Amino acid sequence: MKVLHEKALPAAIQADSQGVEQHKMLIRELCNLCIDTKCEAGDANFSTLASFPKLQRLIRGGRGSPKIVIPLQQHIGYNARLDCDDEDSVVGVASWGPMVKIMSSKAKPKRIVMCGTDGRQYPFLAKQESNGDMRKDARMMDLFTMINHNLDSHSKESRNANDGEEPRSSLLKGVKLRTYAVICLSSAAALIEWMTGFQTMRECISTAAARVIEEESPFVKLLNTRVRDDILAPNGATAFARLLRENPPVLQHWYFALARDADHWLNIRNRFIATQALWCMVGYIIGLGDRHCENIMLSDVDGELTHVDFDCIFDAGHKLKVPEVVPFRLTSNCVSAMGANGVEGPFRWVCVEAMSVLRAHKKTLLSVMFSFVADPVTQWATAARTKQFSLRGGKTEANLVVARASDNADRTVKEVEQKLSGVVFLARAVTSDGSHDGGAQDPLLLPNDFQGDFRGASLSVEGQVDELIRVATSTKYLIRMYIGWMPLL
């Protein structure tokens, strides 16, 4: 038996070594796919096999080649079970789809298809983030998984505490933050699991506008310098109100068309309200910015709302050239799709319930946040500057950069802690002529170094939610948003 084991061991080691090398080569080829520049030539699609023949050869391999598992959330997530005895239940890559589709967004990501060993097709997004770090998205998925676990615990506790009476906050029951697989191939390239059955909010609004008012896309009409100049003028609020009347919200009509009957419409509307409220509260806590209509997705199956692209976090939007001065997206279309009550009723109830859960698990969230912000992943730019200073011999300057990064991490965690304690960020709003409008009672979510010192007061959950909704829907703040963010829609 010992002799047989000694003979079999080198073969097993060799097989494992071949598997590791195969996966390394696959990662290199996928990185090449992410950074490929064929899209610059204007090609909408190109052949996977012709442009990347090694990908197909790596998958085909030979007899005894290890199975390359399709990186789905169910295979790699928190609850994934990859038992060796149940290997056949894990879907592997059998081949690649024939074509790669180049998406129309600014980053020009590519949609590829993995054909599974179960006969189904699994689309993925091959994305390169030239000015960001895709590892942030992967880490945020871990955070959202933990928040979902807290929501599950809260639902169980609520059911046990409820004496058979349906609570008004039951809309939060079964609602979670949607997560998806983010496979980081490098700091700037990643494979992202494609969310089937979802459309961007921009697509939904454009579809509804074409059906209801039969005119050009409102995104094209409103994205011009005249509109920008009108809302930035001294009477910008008046111009904003006029433009809203000329471009009424239409997202509710997209949901009307989606519904089979009145009961189905009620269900998808409630799903939209609950998921939007949950994302608004979580987004505020983590300082999620860049929430334009391409980064918000809507399900054409059950009406669920979810978010993508988590590079702009921890209030980084406050430091943009045109600072983001609203805590989350709650524009006219977002409100109109909630029904006649708008932000009152179910939306406010779910916001209060969601914020209560987040604040109840404050210590757990802060521990995860601290490990996140202290991780070099979130300091990629700082690390690059430190290396640059070191190469120049500027050791003192490099040490200062590292110290500043540490201070920023501590400050970020402190701001999250204050938010979870009911504190809002108070600052004076700046008018279009550069003067200050209002006083300390104007809540504006800005970092300490943007508009002076931090000032705040701890509020109840209801009070905090009320202030956030008020700011997010206020014309005074919406007119200061970047025109490409589309505050009018």
Considering residues of the range 440-489 that are modelled with pLDDT of 90 or more and among the acidic types (Asp, Glu) only, the residue surrounded by the fewest Cβ atoms within 10 Å (Cβ to Cβ) = Glu462
Residue pairs qualifying under the 6 Å Cβ cut-off, at least six apart or on distinct chains, with the first in the range 174-190 being β-branched (Val, Ile, Thr) and the second being assigned to a loop (DSSP other than H, G, I, E, B) and surrounded by fewer than 19 Cβ atoms within 10 Å (Cβ to Cβ), are Ile183/Pro71
Read through the list (1) of a type in the set (Phe, Trp, Tyr); (2) surrounded by 23 or more Cβ atoms within 10 Å (Cβ to Cβ); (3) out of contact with any strand residue (DSSP E or B) (no Cβ under 7 Å at 6 or more places or on another chain), then give the number of the only condition that Phe240 fails.
-> (2)
Conditions (1) surrounded by 22 or more Cβ atoms within 10 Å (Cβ to Cβ); (2) part of a helix (DSSP H, G or I) -> Ser356 fails only (1)
Wholly enclosed strands (runs of 3 or more DSSP E) of the range 156-208 bearing at least 2 residues β-branched (Val, Ile, Thr) and either modelled with pLDDT of 85 or more or surrounded by 15 or more Cβ atoms within 10 Å (Cβ to Cβ) (or both) | 182-184
Across the range 121-151, what is the total count of residues that are modelled with pLDDT under 85 and either polar (S, T, N, Q) or part of a strand (DSSP E or B) (or both)?
-> 3
Does the range 274-297 contain at least one residue that is β-branched (Val, Ile, Thr), at pLDDT 95 or above, more than 21 Å from Asp133 (Cα to Cα) and in contact with a Ser or Thr (Cβ under 7 Å, 6 or more places away or on another chain)?
-> yes
Out of the range 340-353, which residues are charged (D, E, K, R) and assigned to a helix (DSSP H, G or I)?
-> Arg348, Glu353
Specify the residue that is nearest to Pro487 (Cα to Cα); the eligible residues are those in the range 288-339 that are part of a helix (DSSP H, G or I) and without any contact (Cβ under 8 Å) to a residue 60 or more places away in the chain.
-> Gly317
Test each condition in (1) surrounded by 23 or more Cβ atoms within 10 Å (Cβ to Cβ); (2) among the polar types (S, T, N, Q); (3) closer than 23 Å to Ala181 by Cβ for Gln276 and report the one that comes out false.
-> (3)
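The values are calculated or read from the model by the stated rules, or taken from the named source; none is laboratory data. As the structure is a prediction and not an experimental result, all values here were calculated from the model. Quick reminder, even Gly has a Cβ in these numbers, built from the backbone with ideal geometry, and neighbours come from all protein chains shown.
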